Structures are given as structure tokens and as C-alpha cells.
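Contents: one structure, followed by commentary.
The values are calculated or read from the model by the stated rules, or taken from the named source; none is laboratory data. Remember, it's a predicted structure, so these values are computed and weren't measured experimentally. Heads up, the Cβs are rebuilt from the backbone with ideal geometry, glycines too, and the neighbour counts pull from every protein chain shown. Remember, those area values only see protein heavy atoms, side chains included, never the ligands or the DNA or RNA. Shrake-Rupley method; radii C 1.70, N 1.55, O 1.52, S 1.80 Å.
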Amino acid sequence: MRHRDFAAFIAPSLIAMFLFIVLPVGSIMVQSLFVEHDQVLVTTKNCGPFGCKEETRVDTQATEKLRREEPLGKFNGLGTYFNRAHLAIAQVGQIFSGNHGFGDIVSRLYDLPFYKALSFTLVYTFLVTPLCMVSGFLVALGVNAIPRMIKGPVIFLSLLPYIITPLLGSLILFWMINTDGVIGATLQLIFNDPELSLKASPVLTWVTLIVYGVWHMTPFAFVVFYAGLQTLPRDTIESAMIDGASRWERIRNVVIPHLLPLATFVALILMMDNFRVFEPIVGFSAAANATSLSFAIYNDLNGQTDQLFGSASATSVLTMIGVIILLLPVLVRTWRDFKGRAR
Amino acid sequence: MADAVMRRNTTQAIVATSLLAIWLVLAAFPFFWTLWGSFKVEADFFSRQSWWNAISGPATMLQTGGHFTLDGYRGAWIQREFWRAALNTGIVTVCVTTISLVFGTLGGYALSRSTRRYTFWILIAALVFRAMPHITLVAGYLLPFFKLNIWGVLPTAIVVLVAINQPFTIWMLHSFFMSIPKDLDESAMVDGCTRFQAFRWVVIPVMWPGVITTGLFSFLLSYNDFAVTAMLLNQDNQTMVPKINSFLGTVQTEGTIMYAVAAVVSATVPLFMLVMFFQRQIVSGLTAGAVKG
Amino acid sequence: MAGIQLVNVSKRWGNVTGVRNFDLTIEDREFLVLLGPSGCGKSTTMRMIAGLEDVSEGEIRIGDRVVNKLEPKDRDISMVFQSYGLYPNMTVYENIRFPLKVRKVPKEEQHDRVMAAAEMVGLTDLLERRPAALSGGQRQRVALGRAIVREPTVFLMDEPLSNLDAKLRVSTRAQIKNLQYRLKTTTIYVTHDQIEAMTLADRVVVMNRGVIQQIATPTEIYDNPANTFVAGFIGSPAMNLVEGDISDGVFTTENMRLEGLPHTASGRVILGFRAEDATVTEGEGAITGSIYALELLGEASMAAVHVGGELVNIKAGKAFRADIGDKLTADIRPRLCHLFDRETGERISERT
């Protein structure tokens, strides 16, 4: 394909991506270096019958004017990155210089908002991804063995958790696990504890969110693995049977190696999607016990009084760095492959 | 597949079948439960005495005089004007899907037909963009959009959603186009077509399955979006998902949570339909990227 | 109607060279076959002529126009692809009409020309079918019909027979030859099958690794291969090539001693001869060895013997019978042998 044709065909797509992906990335990098203006204070001398009094108050008009003129705020360098809400260099330094052992470090780090969000995001990503793959694989094996007639309906039902809007899916589950909901109430009955609430304890909240994550993403792993099972090399399976391999040995030695390339693909997609976990925290109203990087950004931007652009942007930049680190193995491998077959 | 390869003994069959049954209940039960419950009153759907109340609905009988009530739906759709959000969602999803497909087919075709080095870089860049959490980009939109005075309106959200979905769209269409032999467009070009004519008259007519599948996913992405629509649309222009989220703040205090339940069910029904009619395409779309490896 | 000229044409991708310094003049109305193993650059050469690949260097002329920068549609060519490139959403009729429709040929004329072309390739009964409902041979004929309907200056055919079964290949081959004879259109035909090349071509271009090995008529290529590559590529079975020493017109190697060769060569050489040029004899002969394998071909028998480290084929009469391991003696007329340089593979002696 000639350069000219290629350019004409790809232009709309590239321009859209440039304007709304590349430029915003630049924009958040710039924004992250600024913080909101302080309020403009005016000091007036108020002299009354009982002498003079200095009074300080906010000059709302001047503040508004300043904000309008310089919406970016004032320059702050890398200050936002290092403050308590983000990397919290000073606090981390303190924690490491004086602490009462490992447990203390962890719990004090967890009190810092950025590390709290980061730890949940990472735990969520690295637990949900493998769990989804295992459950997806099992479901795929199960569906593969049922009679053809009921496969359609079974696949239909299995797809529902994946296709559902994340926010709505988590709301549906949230209402069920609510203390008044069917699952929540039943759990209270089972454990005979009327105070039991999945929302109350951080651990139970994390578990709930992770269970939701597995529920939501399992169908994706299932569908890909199921498609992979349809292309199993029958010759190899049949010769394994003739060689006397048991069912388990066949799965281990033929099926799993065949699905391995697919597994890499599934893992990649799952990690990308899980890393941005955000809606379930809103849906489950879980922010008190679990926040994620995406949620932290949302929270900054959604501030009731002020939108904290600087803070949100700094978290965004840190999140993007996280994404790049996550993708690095894939990128490096693709690059090697590409160099290998470059002609 | 009931042949020797798939044959198994009874115990294995029972274990496998019951595991599958458990999964199906987990996957589908919440939806049917909520669907049923949305026609009851709050005292039944959120009953502390017995979950059976949500099914039989004694309080519903008492309060409304019928087994089922449309109060939740009436409250959401009429009183809270959920129809406005539904209309906005319709506009946004239709526009996003159409524009995404136009841009995506052009781009995906170019990427599949060029053997040059830059196609590799574009695809890699698209992969990285695809991995970016959407909310990080939203943080970059707000200030410029305020400044340009385009914040809050539907066209802005549509354009942003198109752009955000492009990486995904061109990847998927690229892999569909790769499965169409180059011979086809080359013979069209020898027969007298320009590149674009070959694309329009010869390649697109055989691409419909891929276009439909990708369209479904574009639809899903825009329909399911929360990050972009919640942050970029003002109160009047909200689509269904952010609208439901803003319901939540008020309904809890007003005791009208059934409005939210009804709204959630209403927003879920189209997705149900979609899976029902396009199950095959969705399955093929999910695997499209994987088959290529 | 026009000839084609390729002047010093090269194709490179990065630092890989696909075609190197290709020089060729194709006469008007000529049937030219590009022959070579896969990856030798023959298809790339054709695609450059078609305008489907850019030319890295050199010049391509069709008639008196330089076409390097022209789009495929502006080169007045038509092409038959290996997998035919039929439009699956169109009927046979629409497929054949497509080139006329795109070029805005008047409506009334379109129908007559489509019918004429369909008649020529014998498709008149299948015009309403779609490609999916056709057999391989029928699809192939649709592709041919679509190529001839426009009456272009040049036909390009890229391995058009390779997807057909052996029997159909023979009859379609004849059909292509006949079509070209009637239409008198300059044709370039790419194949890796030497039998197709020998039967169809006015001239054959043998290529290897992007370089032209020999340009000649089929008989010339068979009788006087320019180098060991051509010798080993043409003929079935391929020419026997044995390494050995020559001095004073006597060639010697393991199991072989042949006198009466030209005195011009000496030292280490490669000697080539065809299986049918050797005759099995009783008693004395140039080749003496034990039979490694014996294949009965029906019209003849083919005996394999180790000579100079190679397995050499010798054609014997249809009545010839022997067991593996039996002794075999064969003679060759020296003037039917070819001598090649061991280093370059180029031919040393002219055949007399």
C-alpha cells in the first residue's frame, strides 16, 4: 500500500487518537505540575469604638478572578507528586526510619491514600486475573462436554455477567449482599450474627470486590478458552488416548499446552481491564474500605466543593506509569518478535 | 462430541455438571432475582424477615393491592425523567458506534494492507492506549473543555468516546481484515478500481460479519461507559449509567430505592436482548484478537 | 497490443533484496513464463509489472509508456490470481462485468462483452451462480473470463493452475494456450511447475533468488541449461549432476569413467546428463554400480545407482527387471553430457 493511500485511510483514526488520547496525556502532565490557587485573603482594619481590630477574610471576587484568569492554578513543580496524597516521600521516610516491624510499616503505609489505592489495585489485578482464568477454563471444559442442544442457552447465561454494565452489575450484587438483601440477610442467618455486614470490615469488602471481579470477568476467559477447545488437534488427543493417557493426563499434556498462547492473551486483556477497576467501588459504596487508582482520580475530579485537577493529574500520571510497567513484558516480547522477523 | 475423546466416567460427569450448574446459577440468578424484585415494593425486595417475601411479595399486596407493581418504573421513568437519560444513551451509542465503525474500518483496513514498519508502531501505540484507564484521560479533558466551553454537551462525549474506543476498534477490525485475502482488493485494483473503490465495493461487502461484531462491541463500550459520561456530561445531558449513579445519592434518603432498582433493570434489558440476538457475533468478537495470537 | 520492457528493475525491502537487476524485453503477443522455486522473485516481478508492488529501482515500460508511477488501474492490464480473487458477493455474471462497470463502459456494450467472454471460457450456463457454488475449475474460468472481458494490452497470470487437481490442470492449460493464441495478447505467466512452463511458453525466464538464470525457448532450456541450477530444475526427473575430475577428455569419479569429452576443461568439474540419455548395457560401460532402487514407471523403468556420492537415475527399457543390489552397467554418449564449473555452476562446454 502506498504511503499516500495509507495516510488517507488512517488519518481520521489517528487524528482522533492524537487529539483525545495523546494531547490529554500531555495535558495531565502539565496539570500535574500545578495546584489550585489559594484563596485570596484580604486584611482589613476595622476600627470601632473599642479600638481597632485586624480582620482577615476571603476575597471571593478576587479569588474567582484569579481562577478565571489562570485556570491551571499556580506552578508547584513536582510538589504534588511528593505530597501526602501521592507518593508521600516525607511520610514514607518517617515510616521506614522509625517503625515497629513489618506489620507496622504495612498498616501505616496503608493509611496513606495513594498507597491504599495502589495496594488494592494491585491485589485486585493479580488475584482476579488468575482466578478468572482458572474458573473460565473450568467452565469452558464443562460447557464443552454438554450436549450440543443446550450449549446455546448455557453460553447465553454465562455471558451475562460480562456484558452487563460494570456499575449496574455491581449495584445488582450490592443490593443482594446488603444487610437487607437476599444474600446479606441469609449470611446473617447462617452465622447467627445480626450485625454481620459485608460492608463494614475492610477484609470483607476486599473479598466482595474480588468476588465481583471474578464473577464479572470469568465469561471472557471462558469464551476464549472455549473457542480454543474447538480447535484442539484431534489427532494428538486421539494418539494420546491410544498411548493410554488418562483424561487428566490428556488435559495436562495436550489441552493446556494448546491453550497456552490463548492464556497469554487472556491474561493480558484481563490485567489491562482489572487494573482500571473503578465502577464496582462506586457501585458497592466501598470507598471507605477500598479505593483504587482510578477511583482516586474520579474522587479528586468529582470533589463536591473543588475539583482537584493537580492532584487527579498527578495520580493519572502515576497510573499511566503503572500501566506501562504492567505492559512492559508484552512490549519487550513484541519488540523482539518484530526485530526477529523484520525484513 | 459424544465420542471417545469426550467420554468420561460417571463421577467425573456428575462433578463437572454440578460445577457448571453452580456457575450458571451464580451467573444468571442475580439478574432474574433483581428483575423479579423490581416489580415489588422496597419492603419485600429488601426484606429482613425472609427472602421468600421478595418472591411472594406480601408487602406489595398490602401496599398496592396487586402481586406486582410498576411503582418503581413509574417513579424512575416519569417522575425522575429517566426517559431523558435513555434518549441520551440512545443518541450517544448510535453516534459513537457509527462514527467508530467509519473511522475504524478505514484505519483497520490500512493497517491490514500495509506491510511497512510504521503499521507495527501504530498497533503498539494503540495497544498502550487501550490499556490506559479511561478516567486518567478524563482528567486531561476537563480544563481544556471548560476553556473551549464544550463541556457538558452530548457531541463532546460522543467524540471523546469515539476516540477512546478507536484503539480497540482498529485492533479488532485489523484482525478481521487480515482474514480477507489480499487477492480480492488487488484484483479489484487491476480491474480498474482506486484503493478506496476497492475498499468500498469489494472488501466492505464481504466484511459485514466483522463490521457487525465490532459494531456490537463499540455499542457495548459506549453503553457501559461510566467514567467519560459521568465526568463530561452536565445534569441535563446525562446518559443512563451516570443518571443511575446520581439517583443513588438521593433515593437512599428519600426511601425510593426501588426507582433505582427499576432503572437498573431498564438499562439491563437492552443488553439482555443484545446477547440473545447476537450471541454468535459476541463470541466471535471476544476471540477475534486471540485467534491471531 | 504492446510489448513490455523491464530495465534493470530491482525490488528491496529494507536490506532484503527480492529481485535484482532484472532486464527483459517481452515482445508483443509473446507468451512469456517466469519459472522458479517459491521465493525466487517471480511473483514479485509480476506484481511490479501490475503495479501492486512499488519498484525500488529501474524502469518498467508497457508499450511506450513508463508505468512505474501509474496505479494498477491505469496500466491497461488484467490479472488472474492464484486464489482467483473472485468477489464472493457477486454472481459469475457480475464478477465478469465488474471491470467494465468500474471503467464505465456503456451499459449496452457491457452485456454483449460479458456474454462473449463467458462463451469463450464456457460459463454461459453458470452466470447466475455465486463463486461459493462453483467448483475449483469453474472458479478458475470465471477468473479467466474476468481477465479477458476487458481486452487489455497484457495478461498477467500468477500460478493460475496451482489450486486445481492434476487432471483439470492439463485441460485448463490447453485452454489457456488456446485462448492466448486466439486473443493474441501479450501474456506473462508465473509458475513453479516446469511442465507448465515447457508446454505454454514461447520463452521461459528461469529465476532463482531474485536473479535471472536463463532466458530462452523451452527446448533450448531443456537441451542447453545455462548452469547447474537450471539443469537441476528442468526435466523430470531432473538432470543427474555428478562431481568428478576431468583431464584429457576423461571424466572420473566413484563408479564412473567416461571418455571422449572435450579437452577444453580440466580439474574438478560437475558433469550433467539426463536419465534418458544413459543406456543400460551388458558388459563394459561408463557407469558401473549396484542398484539402490528400481521404480517401474510403466513406459520405462528407472534405476538408481550411486555415482560420485550422488544418487543417479538411469532410464532402462520397460522390460528391464533386476533386484536391489544387482550390478548395473550403463553407457552415455559423451556428446549428450554437459560440463559445469564446480564453483560458479556455469556451463563450461557448448553442446556439440
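A few points about this structure:
- Residues satisfying the stated conditions in segment C:25-61, i.e. in a strand (DSSP E or B) and open to solvent by 10 Å² or more (accessible area, probe 1.4 Å): C:Thr25, C:Glu57, C:Gly58, C:Glu59, C:Arg61
- When A:Val123, A:Val58, A:Val106 are checked against the criterion of being more than 29 Å from A:Thr231 (Cα to Cα), surrounded by fewer than 13 Cβ atoms within 10 Å (Cβ to Cβ) and of a type in the set (A, V, I, L, M), a single residue qualifies: A:Val58.
- Filtered residue count, segment B:185-209, keeping only those that are more than 8 Å from every other protein chain (Cβ to nearest Cβ) and in contact (Cβ under 8 Å) with a residue 60 or more places away in the chain: 5
- Residues that are touching a residue at least 40 places away in the same chain (Cβ under 8 Å), part of a loop (DSSP other than H, G, I, E, B) and open to solvent by less than 50 Å² (accessible area, probe 1.4 Å), drawn from segment C:76-107: C:Phe81, C:Tyr84, C:Gly85, C:Leu86, C:Tyr87, C:Met90
- Residue check for A:Ile210: in contact with a Leu (Cβ under 7 Å, 6 or more places away or on another chain), at the interface with chain B (Cβ under 9 Å from one of its Cβ atoms) and open to solvent by less than 40 Å² (accessible area, probe 1.4 Å): no
- Members of segment B:149-184 found to be within 12 Å of chain A (Cβ to nearest Cβ) and among the aromatic types (Phe, Trp, Tyr), listed by number: B:Trp151, B:Phe168, B:Trp171, B:Phe177
- Residue among C:Ala174, C:Ala265, C:Ala197 that is in a helix (DSSP H, G or I), of a type in the set (Gly, Ala, Ser) and buried (at least 16 other Cβ atoms within 10 Å of the Cβ): C:Ala197
- Tally, over segment C:142-167, of residues that are open to solvent by 60 Å² or more (accessible area, probe 1.4 Å), more than 17 Å from the chain's Cα centre (by Cα) and under 23 Å from C:Thr91 (Cα atoms): 1
- Residue within segment C:31-45 that is within 14 Å of chain B (Cβ to nearest Cβ), under 28 Å from the mean Cα position of the chain (by Cα), under 30 Å from C:Leu127 (Cα atoms) and not hydroxyl-bearing (Ser, Thr, Tyr) present: no
- Condition check for C:Lys327: surrounded by 20 or more Cβ atoms within 10 Å (Cβ to Cβ), among the charged types (D, E, K, R) and outside the structural domain of C:Asn208 (by TED's automatic domain parsing): no
- Members of segment A:139-150 found to be within 22 Å of A:Val214 (Cα to Cα) and either assigned to a loop (DSSP other than H, G, I, E, B) or without any contact (Cβ under 8 Å) to a residue 60 or more places away in the chain (or both), listed by number: A:Gly142
- Identity of the residue in segment B:74-133, within 7 Å of chain A (Cβ to nearest Cβ) and outside any helix (DSSP H, G or I), that ends up farthest from the chain's Cα centre (by Cα): B:Ser114
- Residue list for segment A:15-32, restricted to those being aliphatic (A, V, I, L, M) and either within 7 Å of chain B (Cβ to nearest Cβ) or more than 19 Å from B:Val162 (Cα to Cα) (or both): A:Ala16, A:Met17, A:Leu19, A:Ile21, A:Val25, A:Ile28, A:Met29, A:Val30
- Taking each residue of segment C:138-162 that is within 11 Å of chain B (Cβ to nearest Cβ) and looking for partners that are among the polar types (S, T, N, Q) and open to solvent by 10 Å² or more (accessible area, probe 1.4 Å) with beta-carbon atoms closer than 6 Å, six or more apart or interchain, yields C:Asp158/C:Ser43; C:Asp158/C:Gln82.
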